[in-house]
Amino acid sequence: MKYADEYIGRIMCFLFGKAKAQQAAYPHDPANILFIKFWGMGSIILTSPAVNMVKQNYPAAKLHYLSFESNREVLTVIGNVDNIITIKLSNPVTFFVDTIKLIKSLRKTNFDLVYDFEFFTYYSALINRFIKPKYSTGFDNKKNKRGRLFTHTVEFNDHIHTRDNFLNLVKIVSPLKANGLPKGMWEIQKGFLFKETTISAVTSPYIVINPNASKMAYERRLPAEYFVKLIDALSADGKFEIILTGSSEEINYVSAIHDKLRSKVNITNLAGKLSVNELFSLIAGTECLITNDSGPLHIATALNKPVVAFFGPESPVRYGPLSPQKLVFYRSLECSPCMSVSNSKTVNCIYSEPKCMTGFDVEEIINKIDKFMEKL
């Protein structure tokens, strides 16, 4: 999909793009506003403060959010828009046909404003162009000309957090009424509950450990053997129960870590057993989340939970935890970060293995986490 977006999208942008419209005044009372973000559960969570800022400033507007069907549950849990619109990822022909149907449906709404939270993809920018909103805003990297498809653009700043880039995007059209971050910045629904899972019986304090990273970049994983040593150390005194998490695609990977532990007492493997709703609930009750750079990190941020995070190919400046209590491990090698929004979040490792993740001293990690946990 990255290649299709880059090459087919570039041609379509040339054919259907037009010079950016004059920066006309933004409507004072928009009736329908559309937010677009397809990729990354973590990034979708990071759009929440921006969505909430728009919501607080224009309470009469109906807010719509367009994403992939796989993200419907996380958007439902966040619960800060009126209408969730999705499209399914399928084979190229079906996806193309569904996209045409989607555009026809969206055009009937007559959107006053579209905020495209995607970084530099042509797909989202072209959807914006074809549904013909009165005003639209998106990121422009001054290279791929996608900015021609919007009436307003803002340059993505690589040196600030992604959440703040999203906030800048919604501020660019006009000065919003609220100053600073909106009250109730994350506005996560509090009604999520566990279904029948083994965690429902846990009553003692627990730590959630997420040893995974999505298939977008497996190089973001701290080596599995490091997690084995870390879990063995944390479970030795029996102070906390430990819960392992992972998606259905990561069951085997997490199970292999679980199988190598010295003791399985007070350790529960829930990889592949939790819905997004249940994952939010699990993290809401944890004493601390220990994770690679991935979606659960941003769930913990949104729920204001302590976080221990490992970074390598990506920069914690852009995607690090925003929780008040956090511990970040980042080696900051001369080649780091090698993945960014400018290269479609693709790891370009110059070594046979990602030394930014394999070069940590596991004993140092354990000692620093022990000290961090003592302060909680």
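Any read-out appearing in this document is the output of simple, stated calculations on the displayed coordinates, not a laboratory observation. Since this is a predicted model, take the numbers as computed values, not measurements. Note that each Cβ is placed from the backbone with ideal geometry, even for glycine, and that neighbours are counted across all protein chains shown.
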key: Relative contact order (percent, whole number), the chain, Cα cutoff 8 Å, 6+ residue spacing   = 15
inquiry  = At R0 = 41 Å, how high is the FRET efficiency between D82 and C335 if r is their beta carbon distance? Nearest 0.05 is fine.
reply    = 0.40
query = If you add up the charges near L297, with Lys and Arg at +1 and Asp and Glu at -1, over every other residue whose beta carbon is less than 12 angstrom from its beta carbon, what do you get?
reply = +1
note = Residue by residue through the range 47-58, the couplings from Karplus 6.51 cos²θ - 1.76 cosθ + 1.60 with θ = phi - 60°, in Hz, x for Gly and Pro, are 7, 4, x, 5, 4, 5, 5, 5, 4, 5, 7, 10
request  = For N32, enumerate residues with amide H under 5 Å from its amide H, sequence gap 5+ or separate chain, H modeled in the peptide plane.
outcome  = K62, D112, L113
note = Going fewest to most other Cβ atoms within 10 Å around each Cβ, F14, F120 line up as F14, F120
query = Tell me, what ³J(HN,Hα) does each residue in the range 72-80 have, in order and in whole Hz, if you take phi through Karplus 6.51 cos²θ - 1.76 cosθ + 1.60 with θ = phi - 60° and put x for Gly and Pro?
reply = 4, 5, 5, 5, 5, 5, 4, x, 10
inquiry  = Only four residue types carry charge here, +1 at the Cβ of Lys and Arg and -1 at the Cβ of Asp and Glu. Report the dipole size of the range 198-374 about the Cα centre in Debye, rounded to the nearest 20.
reply    = 240
task = Go ahead and estimate [θ] at 222 nm for the chain from helices alone: -39,500 (n - 2.57) per DSSP H run with n ≥ 4, summed, over the residue count, rounded to 500.
result = -10000 deg cm²/dmol
key: ³J(HN,Hα), Karplus 6.51/-1.76/1.60, whole Hz, each residue of the range 265-271, x for Gly, Pro   = 5, 6, 10, 10, 9, 10, 4
request  = Amide H neighbours of S247 under 5 Å, at least 5 residues apart or on other chains, H built in the peptide plane: list them.
outcome  = G272
request  = Pairs of Cα atoms under 8 Å, at least six residues apart: use those to get the relative contact order of the range 2-171, whole percent.
outcome  = 28
task = Run the dipole for the chain about the Cα centre, Lys and Arg Cβ at +1, Asp and Glu Cβ at -1, nothing else charged, and hand back the magnitude in debye, nearest 20.
result = 1520
request  = Could you pull out every residue, at least 5 positions away or on a different chain, whose amide H is within less than 5 Å of the one on G79? Hs are placed 1.01 Å off N in the peptide plane, and Pro or chain starts have none.
outcome  = none
query = Just going by the charge dipole of the range 2-171, with Lys and Arg at +1 and Asp and Glu at -1 on Cβ, which of A125, S43, L63 is farthest out on the positive end?
reply = A125
